[in-house]
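The values are calculated or read from the model by the stated rules, or taken from the named source; none is laboratory data. Quantities reported herein were computed from a predicted structural model and do not represent experimental measurements. Cβ sites come from the backbone with ideal geometry, for glycine too, and all protein chains shown count toward neighbours.
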Amino acid sequence: MKKALLAILAALILAPAGLKAQKTDQAIAKIRKDYASANEMIKAVGDYYDDAFINSTTLDIKEMWFPSGPHACKTEIFYILGTSEEWSFDRNVFFVRSKWNIAPREYYCEFLFDPKTGNPEFYFYRVMGYDGKTYEYRYYWENGKLIRSICPPNPGDDILLDSDIPNPEGVYKKALSYKNSAEALSNY
């Protein structure tokens with residue numbers, strides 16, 4: 001009798017955790033589907049994709065920094081400018097990617113925005129450590145709430161500085177600033 005009661009209590013305690021994990025897995029699957037769709041849309045820049053006109057803005061910066069040497073940054077912002085039925089100058093950002101270097105170290109990141117709400121839903125970041133290896137970070141959000149992060153163990157300050165490791169709250173704010181900047185371009 002005690003074993004049956006313990007089994008029932010364990011099931012009642014673990015059931016919500018299982019449901020939450022299942023809900024998170026479903027949200028991650030949706031985000032991955034949105035990511036694949038965004039990459040297909042990017043291939044159609046300057047043309048229609050599924051009746052939406054896809055466009056992009058590229059910011060390309062090249063500077064000489066003393067004492068670290070040449071610095072380059074390229075940021076691409078992808079957005080929808082309306083459909084064949086309804087043209088719009090409003091930029092509905094769905095994806096941003098950026099690549100930059102500081103001296104020989106290379107950085108790369110991607111932001112994916114939810115196609116319905118416009119909120120950030122995925123962030124990918126790759127950084128080269130001082131050891132020459134690359135480290136990758138992934139953050140997944142649902143309705144503005146971090147639901148999963150995939151991060152390597154911290155390799156230490158001699159490999160990656162604290163400033164090289166993305167903070168989920170800061171990344172979310174940065175994603176919104178990219179989106180707001182791109183959408184502000186529509187106010188010529």
### Task
Go through region 102-122 and count every residue that is within 28 Å of Lys62 (Cα to Cα) and over 12 Å from the mean Cα position of the chain (by Cα).
6
### Summary
Those residues of region 115-137 which are farther than 25 Å from Arg91 by Cβ and either surrounded by 14 or more Cβ atoms within 10 Å (Cβ to Cβ) or of a type in the set (A, V, I, L, M) (or both) amount to Arg126, Val127, Met128, Gly129, Tyr130, Tyr135, Tyr137
### Ala72 vs. criteria hydrophobic (A, V, I, L, M, F, W, C), modelled with pLDDT of 85 or more and over 20 Å from the mean Cα position of the chain (by Cα)
yes
### Task
Can you give me the number of residues within region 144-163 that are among the hydrophobic types (A, V, I, L, M, F, W, C) and within 16 Å of Phe124 (Cα to Cα)?
4
### Message
Name the single residue that is farthest from Ala52 (Cα to Cα) among those in region 91-106 being buried (at least 18 other Cβ atoms within 10 Å of the Cβ) and among the hydrophobic types (A, V, I, L, M, F, W, C).
### Response
Val96
#### Entry: Subset of region 76-119 (residues that are part of a strand (DSSP E or B), free of Cβ contacts under 8 Å to residues at least 60 places away in the same chain and within 29 Å of Asp157 (Cα to Cα))
Arg97, Ser98, Lys99, Trp100, Asn101, Ile102, Arg105, Glu106, Tyr107, Tyr108, Cys109, Glu110
#### Entry: Lone unmet requirement of (1) out of contact with any Ser or Thr (no Cβ under 6 Å at 6 or more places or on another chain); (2) surrounded by 15 or more Cβ atoms within 10 Å (Cβ to Cβ); (3) assigned to a strand (DSSP E or B) for Ile61
(2)
### Summary
Residues of region 127-144 being under 17 Å from the mean Cα position of the chain (by Cα) and more than 18 Å from Arg32 (Cβ to Cβ), in sequence order, are Val127, Tyr135, Gly144
### Task
Within region 165-184, identify whether any single residue is closer than 19 Å to Tyr107 by Cβ, in a loop (DSSP other than H, G, I, E, B) and more than 17 Å from the chain's Cα centre (by Cα), and answer yes or no.
no
